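Asker: Sharing a structure here in structure tokens format.
Since every read-out is calculated from the coordinates, none of them should be taken as a lab result. None of these values were measured; they are calculated from a predicted model. Note that each Cβ is placed from the backbone with ideal geometry, even for glycine, and that neighbours are counted across all protein chains shown.
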Amino acid sequence: MKLKTMRLALAPVLAGLLVAAVPVAAMAKDKGSLAGNEGKKRYAAQFGQTTGPCKDAYKKYVAAPGHSAYAQTHVNFNVEAFYCADSLNAPSQAAAEKQALERCNSVGKKYKLKTTGKCAIYASK
């Protein structure tokens, strides 16, 4: 009689351990990926009612699984345009930020817009 009682008591305990172990295993598996994470936001990305390459670059930045960064010029009422750049899946967060700033500032040199100002890192992970 005791053996039957122990078996009956053991089944719910094992089931509870299995239920508790599944989420832990899932978190450990996904620990290395940064996909879907907005990372450290320094400024809120502002796109207004616009669509285009900057909004797409930010979406790609959020979806990237590795160290990435998104840089943009600040947007205010007297800006004729703003520009941006991203760096996806770099070896480190610092390398991603450096590359995103270089790309963003090179756009300003190419188009020679005076009122936009310098680029800044808006978010990085």
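Asker: Check which residues have an amide H placed less than 5 Å from ALA64's amide H, if you skip close sequence neighbours.
Answerer: Amide H neighbours of ALA64, under 5 Å, 5+ apart: GLY36.
Asker: Would you mind counting up the charge near LEU88? Only other residues with Cβ under 15 Å from its Cβ, with Lys and Arg at +1 and Asp and Glu at -1.
Answerer: Overall, the nearby charge balance is 0.
Asker: Here is a further query. Shape call for region 31-100 from the C-alpha gyration tensor, a ≥ b ≥ c root eigenvalues: rounded (a/c under 1.5), prolate (a/b greater than b/c) or oblate?
Answerer: prolate
Asker: What is the distance, in nm, between label points placed 7 Å from the Cα along the Cα-to-Cβ direction at ALA81 and at LYS59?
Answerer: It works out to 2.2 nm between the two label points.
Asker: What is the calculated FRET efficiency for TYR43 to TYR111, with r their C-beta to C-beta distance and R₀ = 25 Å, to the nearest 0.05?
Answerer: After rounding, the FRET efficiency stands at 0.70.
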